[in-house]
Amino acid sequence: MSQPLRFVHASDFHLERPLAGLAEIPAHLTDLLIDAPYAAAERVFELAESERADFLILAGDIVNIDRAGPRAIAFLIDQFERLAARDIAVYWLAGPAERRGPWPSDLKLPGNVHPFGRGATQSVVHHADGDDLAELIGYGAAADERPTAAAKNKSSRFTIGVRHGAFHGRQLGKLAGHYWACGGAKRRRQTTSDGRPIVHSGTPQGRSPAHRGPHGAVVVEVDEHGVARPRFVATDLARYARLRVEIDPAAPRADQEHALAERVQAALDKAPGLDLFLRWQIVPVGAAGSGSAALGMSREAWAQTWLRWLRQEFGTDSPAAWSMSVDVVLPRRRGQRSPQDGSLLADFLAAVADAERDHDELSLDRFVPEHWRHAHVAELLSIADTSARRRVLRQARLLGNDLLGAEELSA
């Protein structure tokens, strides 16, 4: 039997990282991009208060102090002291961010904050009113290969494993903690091992187009039988989304605008009060056909026309729905021929396909004059992120089809 308890599990604040993924930064959203990670993190501490949690678990990658600086230090101390006033403890496991930019050794943390060591496994018992409520076992960097130490715990108290990183299949069958509070995943996910929840809380605030959907923290209720029931609570202020819509280019302009406006409104209704960062896929359909000729202009020009309109109509509202990009997707028609071998288009598409198969970092600096290849430009032209790399190559393929497809038509 266990004594009922409640705790909040969060991770991956990354206070040193603003929101990203925007090629153009609108002035009215600049503060949001910088402040959203802090505001979302503050909501986690508010959640611990409002839920009257016994303690808060921070499962790593909260902040790299070397990059975040004094603002992050002052913010965290304020939040820790806020919980201390409510007698709420904080158990903080160091992740890679903390190891790269550790907390200053001469700056004492408030007494309610209990950092786990950065080395091997460390155990601490949480007490309340003279009772042992739970045992927390933190797995530092040196314990990554030994995630089953909780199996040695023979006491009847509720046991929580705290770890930064994922588990492998064979490890899952050996886990014995009643709940595993994990960090290191930007998106929330949950699995089980013999009915015991293994939860990655995800980041409280998505930071890039790859982090779509809601983000937040996890409230865990433990009943008198020692059964843990995790409950996700969103804490984000802004949300990334990808929208897809079909438009008939031959339809009246008002009908086309209405189709886009409906998708924006549906997205805003799904995330009330939140600012949205949108990436669009527009699919031309209808009797006029789906090729570039049906658009009356190049695919890129059509995309830019809609991008400007979307930003003007919805990008400056409060909350804002800022469109980051518009891709026009022309579905391949039945019976459509592939480019003829030896044509410029065929050679170009073959080169793109080779780049897609090559998983190394995509570097574009060879396409610009050498005197422009200084460090900053070279960094911008080097694309290591997998999703960004895939997106760039896809856009290159679409643009090549637009610009070089005329050769196939005239052949």
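Here, each number is a calculation from the coordinates, and none is a lab measurement. What you see is a predicted model; the values in this text were computed from it and never measured. Cβ placement follows ideal geometry from the backbone for every residue including glycine, while neighbour counts extend to all protein chains displayed.
Give, as a single signed number, the net charge of other residues whose beta carbon lies under 11 Å from the beta carbon of A185, with Lys and Arg counted +1 and Asp and Glu -1. Charge balance near A185 sits at +2.
With viscosity 0.890 mPa s and temperature 25 °C, the Kirkwood radius over alpha carbon pairs of region 52-123 converts through Stokes-Einstein to a diffusion coefficient of 194 µm²/s.
Show me 127-133, 6-12 ranked by packing, highest mean number of other Cβ atoms within 10 Å first. Intermediate results must be reported in sequence, preceding the final value.
Working: 127-133: 11.6, 6-12: 26.6.
Listed from highest to lowest mean packing, they are 6-12, 127-133.
Counted over region 200-260 with a bin width of 10 Å, the fraction of Cα pairs per bin, in whole percents, is 19, 26, 21, 19, 9, 5, 1. How many percent of all Cα-Cα pairs in region 1-138 sit more than 24 Å apart? Considering region 1-138, 33 percent of its Cα-Cα pairs are separated by more than 24 Å. What's the local net charge at H127, with K and R +1, D and E -1, over the other residues with C-beta under 11 Å away? Its environment carries a net charge of -4.
Put simply, when 61-74, 255-268 are sorted by average Cβ atoms within 10 angstrom per residue, most first, you get 61-74, 255-268.
With a simple spin-label model that places each label point 7 Å from the Cα along the Cα-to-Cβ direction, the separation between L344 and A84 comes to 6.9 nm.
How much length is gained on full extension from D129 to Q395, taking 0.36 nm per residue of separation minus their Cα-Cα distance? Don't skip to the answer; put the middle values down first.
Details: separation 266, 0.36 × 266 = 95.76 nm, distance 6.11 nm.
Between D129 and Q395, full extension yields an extra 89.6 nm.
Express the Stokes-Einstein translational diffusion coefficient of region 56-96 in µm² s⁻¹, to the nearest whole number, given a Kirkwood radius over alpha-carbon pairs, 10 °C and a viscosity of 1.306 mPa s. Mind dumping the intermediate values first?
Numbers: Rh = 11.0 Å.
The Stokes-Einstein estimate is 145 µm²/s.
Modelled label positions at V352 and H114, each set 7 Å beyond Cα in the direction of Cβ, lie 5.6 nm from each other.
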